[in-house]
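Here the structure is laid out as structure tokens; the discussion comes afterwards.
The values are calculated or read from the model by the stated rules, or taken from the named source; none is laboratory data. Note that the coordinates shown come from a computational prediction; the quantities given were computed from them, not determined experimentally. Methodologically, a virtual Cβ is constructed for each residue, glycine included, from the backbone with ideal geometry; neighbour enumeration extends over all protein chains shown.
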Amino acid sequence: MKIRGAVLHAPRDVRYEEREAPKILQPTDALIRISAACVCGSDLWPYRGINPVTEPTPMGHEYCGIVEEVGRSVTSVRPGQFVIGSFFASDNTCAHCRYGYQTSCQNAVPVSGAQASLLRVPLADGTLVATPGIPSDDLIPSLLTLSDVMGTGWFAAEAANVRPGSTVVVVGDGAVGLHGVLSAKQMGAERIIAMSRHAPRQKLAREFGATEIVTERGDEGVDRILEVTGGTGADSVLECVGTAESMMQAIRSTRPGGSVGYVGVPHGVELDGQDLFFSHVRLLGGPAPVRRFLPYLIELVWDRKIDPGKVFDLTLPLSEVAEGYRAMDERRAIKTLLRP
């Protein structure tokens with residue numbers, strides 16, 4: 001059997017083409033009929049050639065949909081259920097998983113190939129979470145965000161130790177940064193300063209809970225944050241980009257004793273030990289353990305207390321996936337939703 005999906009052949013060469021359909025390979029696998037997928041900001045690293053592409057690669061790691069088939073060992077989900085899973089499959093039973101770091105699972109398997117009509121998910125019992133029922137179509141975009149970007153924004157806020165009444169800065173106005181704003185709002189932050197130069201993203205940041213916008217970047221951005229915080233710096237800073245400039249901007253915008261939650265995949269980031277030592281800033285980050293947060297975030301979306309799906313400002317049929325990549329690469333779209 002064949003399916004069609006997104007395959008990256010070379011930088012800026014994404015094709016919607018036929019490939020072998022996934023099938024159950026292990027008794028712990030599940031097959032998901034994709035209801036919606038999307039293009040992630042991290043997909044742009046290989047798309048732009050920053051991460052090397054050495055062979056045709058099926059793309060996509062954000063997914064939700066209906067369980068079509070399960071392996072004989074799977075007990076927590078069943079065919080016909082609507083499920084969401086993390087971009088890393090995990091057993092959810094090893095020591096690292098029990099501490100809540102499922103993306104560091106001792107048996108972790110990256111999930112890929114979700115920009116297609118059908119997806120194999122390994123370690124289904126530890127990876128997939130079913131919703132209370134089959135969602136209405138308007139909930140699907142928000143539920144899809146929980147597979148990565150909303151869960152990643154939530155982890156950034158948690159890692160940055162956001163507390164009720166705190167002052168929070170969000171570095172990065174992509175989908176993760178915007179969801180970091182939404183997460184900080186849910187966690188009770190009093191001031192949320194979004195660093196953004198783009199009017200549509202500023203508007204959505206304010207909808208999600210930003211109280212202020214800072215347009216400056218780099219040293220100027222740090223100076224501006226210090227100015228608006230009375231020379232102190234922020235209690236919590238969410239680093240949602242992954243460049244050397246954004247990381248240093250985050251650290252230097254944080255008050256002594258404050259925390260940086262960094263979730264942008266680092267590219268070219270090197271930290272000076274002496275500077276870090278004397279900053280008195282806590283750092284915690286990495287690939288977000290989305291699986292830890294899925295049950296609670298599903299509840300928030302299901303009860304319509306949050307609407308993270310607003311981050312999708314371009315919806316395309318999966319057959320037009322190449323345009324979805326181009327639009328995000330050229331910053332004509334914040335995030336592209338793909339419908340098989």
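Say whether the condition of being surrounded by fewer than 24 Cβ atoms within 10 Å (Cβ to Cβ), of a type in the set (Asp, Glu) and under 19 Å from TRP154 (Cβ atoms) is met by at least one residue in the range 214-231.
no
For the range 76-86, how many residues are buried (at least 24 other Cβ atoms within 10 Å of the Cβ) and touching a helix residue (DSSP H, G or I) at 6+ places or on another chain (Cβ under 7 Å)?
Looking only at that region, the number is 3.
Can you say whether ARG48 is over 22 Å from ILE298 (Cα atoms), at pLDDT 95 or above, surrounded by fewer than 21 Cβ atoms within 10 Å (Cβ to Cβ) and out of contact with any Cys (no Cβ under 8 Å at 6 or more places or on another chain), as far as the supplied structure shows?
In short, yes.
Say whether the condition of being over 18 Å from the mean Cα position of the chain (by Cα), assigned to a strand (DSSP E or B), buried (at least 18 other Cβ atoms within 10 Å of the Cβ) and among the hydroxyl-bearing types (Ser, Thr, Tyr) is met by at least one residue in the range 236-246.
yes
Out of everything in the range 327-339 that is in contact (Cβ under 8 Å) with a residue 60 or more places away in the chain and either of a type outside the set (Asp, Glu) or in contact with an Asp or Glu (Cβ under 8 Å, 6 or more places away or on another chain) (or both), what residue ends up being nearest to LEU143 (Cα to Cα)?
Out of the qualifying residues, it is LEU337.
Looking at the structure I just gave you, is GLU216 in contact with a helix residue (DSSP H, G or I) (Cβ under 6 Å, 6 or more places away or on another chain), more than 22 Å from PRO287 (Cα to Cα) and charged (D, E, K, R)?
yes
Please go through (1) surrounded by fewer than 20 Cβ atoms within 10 Å (Cβ to Cβ); (2) in contact with a Lys or Arg (Cβ under 8 Å, 6 or more places away or on another chain); (3) of a type in the set (Val, Ile, Thr) for VAL260 and return the number of the only condition it doesn't satisfy.
(1)
For GLN249, work out the one condition from (1) within 20 Å of the chain's Cα centre (by Cα); (2) not in a strand (DSSP E or B) it doesn't fulfil.
Failed condition: (1).
Can we say ARG12 is modelled with pLDDT of 95 or more, more than 20 Å from the chain's Cα centre (by Cα), of a type outside the set (Asp, Glu) and under 21 Å from ALA130 (Cβ atoms)?
So ARG12 fails the test.
Here is a list: GLY80, GLY113. Which entry is on the phi > 0 side of the Ramachandran plot, under 19 Å from the mean Cα position of the chain (by Cα) and at pLDDT 95 or above?
On the way: GLY80 fails: under 19 Å from the mean Cα position of the chain (by Cα).
So the residue among GLY80, GLY113 that is on the phi > 0 side of the Ramachandran plot, under 19 Å from the mean Cα position of the chain (by Cα) and at pLDDT 95 or above is GLY113.
Looking only at residues in the range 111-169 that are within 23 Å of VAL214 (Cβ to Cβ) and of a type in the set (D, E, K, R), which one is surrounded by the most Cβ atoms within 10 Å (Cβ to Cβ)?
Per the criteria, the residue is GLU158.
Could you list all residues from the range 106-121 that are out of contact with any His (no Cβ under 9 Å at 6 or more places or on another chain) and of a type in the set (Ser, Thr, Tyr)?
SER117
Write out, first by first residue and then by second, each pair whose Cβ atoms fall under 7 Å of each other, whose residues are 6+ apart or on separate chains, and whose first residue, in the range 288-317, is farther than 27 Å from PRO200 by Cβ and not assigned by TED's automatic domain parsing to the domain that holds HIS179 while the second is surrounded by fewer than 22 Cβ atoms within 10 Å (Cβ to Cβ) and modelled with pLDDT under 95.
none
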